[in-house]
Amino acid sequence: MNKSSETSIPLLFLHGFPFDKSMWSDQVEALNAKGFRTIAPDLRGLGAAVAPTSVSELSDQNHRPRSVPLSTMEDMARDAGALLDELQIEQVIVCGLSMGGYVAFEFVHLFPSRVCGLILAGTRAPADNDQEKAGREQQAQTMLRAGMVPISIATMPKLLASKTRAENPDVVKRVREMITQSDPSGAAAAQRGMAARRDYTDDLPNIDVPTLIIVGRDDLIRPISDAEFMHERIPNSQLEIIEDAAHLTNMEQPEKFNQVIIDFVRQAAGLS
Ligand code: MLT
C-alpha cells in the first residue's frame, strides 16, 4: 500500500478465481509508483485469507441434503468493507476481475456510498444456469479429491491468449503457480460461492458511478458479448477491448491495462 500524491481516491483490487492478490502485482507496482494508493487483499479462502465460514445446504447425487462450506460473493465484499474500515478508508474506486467483478457488484450493492468509480474486467452480470452450477460443483469435488493441478491443466488454455502462452513464459508460470498453490478447500468454497451468486443484471441500470468495462479480445471465458451486455445497461460506462489478451488482461497486457485504468481514474477524479 502506498499513500497517494496524485489522487486521494484509493483503488481496491479484487482478484479472480482461483488466484490471489499477486495477480495485481503489475498494477500495484505501477500505480504506487505514480502516487496512487492501492489495496489488493486476498479474498476469503484464497491466497493467505482465512478459511470460509458460511455453510450451504446442497443435495447429493441421491438428493440427500448435505452441508458444504462456501464463501459467498457477499462474504468477500463484506470482508473488503471491513478491511477498508480497518484502514479508515471511506471511499474507493473498485476494480474487480472475473470473480472479483462479482464481488465488486456485491460491494456496490452493499456499500453504494463507498464507491466512486467501478472497473469491471473479464466479468459478467447474469448468474449461472443449472449446467454451469453443476460444472462448478464437479470442479469443487475434483479440487477436494485431486488438488489444484488438474484444474490448472484444464483452464490454462482458456485463461491466456495463445500469444501470451507462446511468448510470455513468466506470465504462464505465475498463473500456473497461483492456481496450484491455492488451498483446495478454500478454492472449492469460492467455486460454490460463485455458483450461489445472484443475477446482477437488475443492478446495472442503478450503478451511478463512472464505470470502465475491460475485456480481452480473445477471452473465451467471459467474451466481448458479456462486456457489451454490461456496457449497454450501465449508464455512465465505457468499454475497452484489449488486444492480444484473453481472460487475464491485467497480467497479459499490463501496460495497456494500467494505462486505461490510470486514464479512467484521472477522469473519474476530475484530474484530466
Ligand atoms: C475467474 O477468473 O474469476 C473465473 O473465471 C470466474 C468464473 O468462473 O465465473
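None of the figures in this text is laboratory data; all of them are computed from the coordinates on show. As the structure is a computational prediction, the values presented were derived from the model and not from experiment. Glycine also receives a Cβ, built like all others from the backbone with ideal geometry; neighbour counts cover every protein chain displayed.
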Task: Virtual paramagnetic centre 7 Å along Cα→Cβ of Glu177, amide N under 17 Å, in the stretch 243-257 - done: 251-252
Open item on the list: Just to confirm the number: angle between the C-alpha axis of helix 99-110 and the first principal axis of the chain, 0 to 90 degrees, nearest 10?
Closed with: 70 degrees
Open item on the list: For the chain, take the longest principal axis of its alpha carbons; what is the angle in degrees between that and the long axis of helix 224-233, to the nearest 10 within 0 to 90?
Closed with: 60 degrees
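So what is the calculated 222 nm ellipticity per residue for the chain, using -39500 (n - 2.57) for each DSSP H run with n of 4 or more, over all residues, to the nearest 500 deg cm²/dmol?
Details: 11 runs with 123 residues, N = 272.
Per the formula, -14000 deg cm²/dmol.
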Open item on the list: If I model a spin label at Leu110 and Asp199 as a point 7 Å from the Cα along the Cα→Cβ vector, what separation in nanometres do I get?
Closed with: 2.3 nm
Open item on the list: Given an 8 Å cut-off on Cα distances and at least 6 residues of separation, report the relative contact order of the chain as a percent.
Closed with: 21 percent
TODO: Compute the long axis of helix 184-195 from its Cα atoms, compare it with the longest principal axis of the Cα atoms of the chain, and write down the angle in degrees, 0 to 90, nearest 10.
DONE: 80 degrees
Task: the stretch 11-268, Cα convex hull volume normalised per residue, Å³ - done: 117 Å³
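Multiply the residue separation of Ser25 and Gln131 by 0.36 nm, subtract the distance between their alpha-carbon atoms, and state the gained length in nm to one decimal. Please list the in-between numbers first.
Values: separation 106, 0.36 × 106 = 38.16 nm, distance 3.40 nm.
Stretched fully, the Ser25-Gln131 segment lengthens by 34.8 nm.
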Task: Assigned charges on the beta-carbon of Lys, Arg, Asp, Glu; the chain dipole about Cα centre (debye) - done: 480 debye
